[in-house]
1. Please list, ordered by first then second residue, the pairs with beta carbon atoms under 9 Å, 6 or more apart or interchain, first in the range 3-24 and assigned to a helix (DSSP H, G or I), second acidic (Asp, Glu) and open to solvent by 10 Å² or more (accessible area, probe 1.4 Å).
2. Only one residue in 198, 237, 251 is open to solvent by 40 Å² or more (accessible area, probe 1.4 Å) and either at pLDDT 95 or above or assigned to a loop (DSSP other than H, G, I, E, B) (or both). Which one?
3. Tell me whether the range 164-171 contains one or more residues that are part of a helix (DSSP H, G or I), more than 30 Å from residue 44 (Cβ to Cβ) and either modelled with pLDDT of 95 or more or open to solvent by 30 Å² or more (accessible area, probe 1.4 Å) (or both).
4. Applying the selection to the range 239-261, what residues are touching a residue at least 12 places away in the same chain (Cβ under 8 Å), out of contact with any Asp or Glu (no Cβ under 7 Å at 6 or more places or on another chain) and of a type in the set (A, V, I, L, M, F, W, C)?
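The values are calculated or read from the model by the stated rules, or taken from the named source; none is laboratory data. Given the structure is predicted, the values throughout are model-derived calculations rather than measurements. Counting neighbours? That spans all protein chains shown, and the Cβs are built from the backbone with ideal geometry, glycine included. Accessible surface is based on the protein model in full, side chains and every heavy atom, while ligands, DNA and RNA are left aside. Shrake-Rupley method; radii C 1.70, N 1.55, O 1.52, S 1.80 Å.
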Amino acid sequence: MRFLVVGAGALGGYFGGRLIEAGRDVTFLLRPRRVAQLAKTGLVVQSPFGNLQLPAPPHVLAEDIKTPFDVVVVGSKAYDLDATMDAFAPAVGPNTLILPLLNGMKHIDRLVERFGEERVLGGLCMISATLDDEGRVLHLNDMHGLTYGERTGGRSARVDAIAAQFAGAKFDATASETIMQDMWEKWVFIASAAGLTSLMRASIGDIVAAGGQDVALSIFNEGCAIAAHNGFAPRPSALERGRAVVTTAGSPMTASMYKDIVRGAQVEADHIVGDLLRRAPAGDPAVPSVLRTAYVHLKAYEARRAREAG
């Protein structure tokens, strides 16, 4: 089975690197700048589960893709998705599967519209990783999970084939029969944490120290209500885990979106928070929720960033 991993950033570099380490047929789809960087350093992964260095990882530029791949793994930022789809489109054949690892649901709609219902799986990953200034993949926590499955539920021969390829690789791979439920639960948590820590410009622990547990629970509960309205009410374990995380005293946790704001970078405001709000039941527009307040805050940040860049 031939895998095309789009990009060799934090997500693609980690999971693609681990698959190569396990002897799988993986090619990275890269931009010229990353090709030049990897030519100097190779693909370097620093992880609590063992470091990895691949001196010359297989790669291809978009214009050089000649034949379809079996699986395309997509871990781009949502705001790059249109350009990303254009780049990997030549790799998509009649039997190609697309495994996206983005948060939220809007990307699923766009991938299905572009490539067709049957080609798009559901997927998510649980990992904290980043690229440093030298292009090394830094794995920052003790989780490295990748969950995937048919969006219609159940198991299939093609999911089993991917499972066989993932077996033995140094990450926690799970073939899920409820991937849409899994994705909604992660979305609710990510949107809550991103909205909360970005709005308050603070860690969970600092928000709790300020007496903001009720605000934290409010934004999380709102996300849960939206998920329930769409037929994906979070399961008891997800409720318990999410409420505990957003109210943990002393927690240094901040969302990656908050970190992006701190460094003046682009954010996924519409994809993570805005799209969740758009799927909410109609409410009283005169009473802005915490989630909507966080969204307006993010959009104001985007407006200011665009103005300063222009």
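1. Every condition considered, the pairs that remain are 19/25.
2. The unique qualifying residue is 237.
3. Among the residues of the range 164-171, not one is part of a helix (DSSP H, G or I), more than 30 Å from residue 44 (Cβ to Cβ) and either modelled with pLDDT of 95 or more or open to solvent by 30 Å² or more (accessible area, probe 1.4 Å) (or both), which makes the answer no.
4. 239, 245, 246, 249, 253, 255, 261
Yes or no, residue by residue, for (1) more than 25 Å from residue 164 (Cα to Cα); (2) among the hydrophobic types (A, V, I, L, M, F, W, C):
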{"site": "43", "(1), (2)": "no, yes"}
{"site": "73", "(1), (2)": "no, yes"}
{"site": "76", "(1), (2)": "no, no"}
{"site": "114", "(1), (2)": "yes, no"}
